[in-house]
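Step one of this worksheet: look at the structure below.
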Amino acid sequence: MAAPHNFILDLTSVLGASALGGYLANRLRQPVLLGYLASGLIIGPFGLKLLSEVEQIKPLAEIGVAFLLFALGVEFSLAELKRVKEIALLGSLLQIGLTIALVTLVVIPAGWVDTPTQGIFLGAVLSLSSTAVVLKTLTERGETNTIHGQVMLAILIAQDLALGLMLAILPALNQPANLGAALGAALLKVLIFLTAAVAVGRWIVPQVIKSIAETESSELFLLTVIALCLGVALITAKLGLSIEMGAFVAGLMISEIDYADQALAKILPMRDTFASMFFASIGMLIEPNILIQNFGIIIGLVAIVMVGKAAIVLPLVMRFGYSFKTAVISGLGLNQIGEFSFVLALVGLNQGFITQERYFLLVGTTAITLLLTPAGLR
C-alpha cells in the first residue's frame, strides 16, 4: 500500500503548493501560472525534494495540457475572428513567419542551434504570445473592446489556432533528410483527421451531447465531455500527431453547438486543476543553479525577445491601417512569450529539438516576459 499512499501524498503536495503559489502570485498582482511554476520549482527534485515519484505527476500534467487546449477550442469564436479577420489571419501569419525567419537567421550563426530545423522550432516557440495574461490585463483595465484590445485579441486567437498546426507538423521536422515528404505526410494526416472531425462534429457529436443533456444528469454530461476530449486526443496521438491538437479539435467540435457554454462551464474546474499540475511540473524541471549561473544571459534574452517582438508587431499593425498609438500598445502587449510556448517547448525537448539546459533558459526567459507584460501595458 506504500506506493498508492506515496502517490496521494505527491498529488496533495503538488495541488497544495500550487494553490499557495497561485494565491501569492495573485496577491502580488501577477499571473497565477508564475506561482504554479515557482511552487513546482520549490517542491521538485531541484528544490525541497518533497515528491517521491515525480514521474507519476507527468500523466496528470498531460491531461492538464489536453484540457487547456480543449477549453481553448470551445472558447474559439469564428464570429470574433471575422470582426478583425484581415489582421487576424494575414497579420498573425506575417508575425509568426517573420519571427520564425528572424530567429532562425540569428540563432544559427550564434551557435545556439545545430540545424535550421531547430532554429525553425525555436522561432515557432518565440512567435506565440500569452492569451491568458493579455486577456486578463485588458479585462482588468476595461480595454477588451478598444481598437488596440481587438487587434491584440485577434492576433492572439490566430496564434492559438496556429498552435494546433505547429504541434501537428513538429514531428515532421525531426526528419530533415525527407523534410518535404514528412511535412506532406503530416499535413495529409491533418487533412484526413480534420475532415473526419468535421463530419463527426456536425452529424454525431451534437446528437450525442443533446441526448446526454436531456437526461439532466450533470455527472453524465461531464463524463461525456471528458471522454470526448481525451478520446479525440488519443486518436491524434495514435495517428502520430499530438494529444494537444486532438484536444483542441475536440473543443472545436462542440464550440458551435447549443450546449457549448454548459460544456465549458463543466470542464473549467477540471482544466484549472490539471493545468496547475502542468505548470508545476514545468517548474520541477527547472534547475535553479543553471538559472542563477546564466541570469545575465536570461536578462539579455528577455530584452532581445521583448524588443524584437514589439519591433515586428508595431509596423505590421500600422501596415493594416491602424494608428501609431494602437501599433505601439499592441507591440508592447504582444511582446512576451506565451503560456502555450511551454507546451511546444516541452514537446520539442522530448523530441530533441532543444537541449535541457537551453530549455531551462527558455523557461526562465518566458516567465520573466510574462511577469513584465502587465507593467508594459500599463
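Under 1.5 on a/c is rounded, so check that first for the range 28-78, then, if it is not, pick prolate when a/b is larger than b/c and oblate when it is not; a ≥ b ≥ c are the square roots of the alpha carbon gyration tensor eigenvalues.
Numbers: a/c = 5.82, a/b = 1.61, b/c = 3.61.
Oblate, because a/c is 1.5 or more while a/b does not exceed b/c.
Please list, or write none, the lysines whose alpha carbon is within less than 19 Å of the alpha carbon of Lys189, excluding same-chain residues fewer than 8 places away.
Partners found: Lys238.
On a full-extension model of 0.36 nm per residue, what is the gain between Ala199 and Glu216, subtracting their alpha-carbon distance, rounded to one decimal in nm?
Full extension of this stretch gives 3.5 nm more.
Could you tell me what % of all Cα pairs in the range 268-378 have separations over 17 Å? Working shown, then result.
Values: 3739 of 6105 pairs.
I get 61 percent for the Cα pairs in the range 268-378 exceeding 17 Å.
Under 17 Å from the Cα of Lys210, which aspartates and glutamates turn up, not counting those fewer than eight places away in the same chain?
Glu219, Glu256, Asp258, Asp261
Roughly speaking, what is the centre-to-centre gap between the range 22-47 and the range 218-255 when only Cα atoms are used, to the nearest Å?
Value for the Cα centre distance between the two parts: 29 Å.
Restricting to lysine pairs 8 or more places apart or on different chains, what number in the range 37-153 have Cα atoms under 30 Å apart?
Qualifying lysine pairs in the range 37-153: 4.
What accessible area per residue, rounded to a whole number of Å², is obtained for the chain using a probe radius of 1.4 Å?
Dividing the accessible area of the chain by its residue count gives 47 Å².
What's the FRET efficiency of Ile192 with Gln351 using the Cβ-Cβ distance as r and R₀ = 25 Å, to the nearest 0.05?
Values: r = 22 Å, r/R0 = 0.89.
The calculated FRET efficiency here is 0.65.
Working from the pairwise distances between different alpha carbons, so that the mean of 1/r is found and then inverted, what is the range 90-201's Kirkwood radius in Å?
Its Kirkwood hydrodynamic radius stands at 15.9 Å.
How far is the Cα center of the range 123-138 from the Cα center of the range 183-209, in Å?
Between the Cα centre of the range 123-138 and that of the range 183-209, the gap is 27 Å.
Across the range 204-214, in residue order, what do the Karplus-derived ³J(HN,Hα) couplings come to in whole Hz, using 6.51 cos²θ - 1.76 cosθ + 1.60 with θ = phi - 60° and x for Gly and Pro?
10, 4, x, 5, 5, 4, 4, 4, 5, 5, 5
Need one word for the chain: rounded, prolate or oblate. Basis is the Cα gyration tensor (sqrt eigenvalues a ≥ b ≥ c); a/c below 1.5 gives rounded, then a/b vs b/c decides.
rounded
Need the list of lysines near Lys309 for cross-linking: C-alpha distance under 19 angstrom, and skip anything on the same chain fewer than eight residues off.
Reachable lysines: Lys325.
The values are calculated or read from the model by the stated rules, or taken from the named source; none is laboratory data. The structure displayed is predicted, hence computed values, not measured ones. FYI the Cβ positions are ideal-geometry reconstructions off the backbone, even for glycines, and counts take in every protein chain you see. Surface areas here come from the heavy atoms of the whole protein model, side chains and all, with no ligands, DNA or RNA. Shrake-Rupley method; radii C 1.70, N 1.55, O 1.52, S 1.80 Å.
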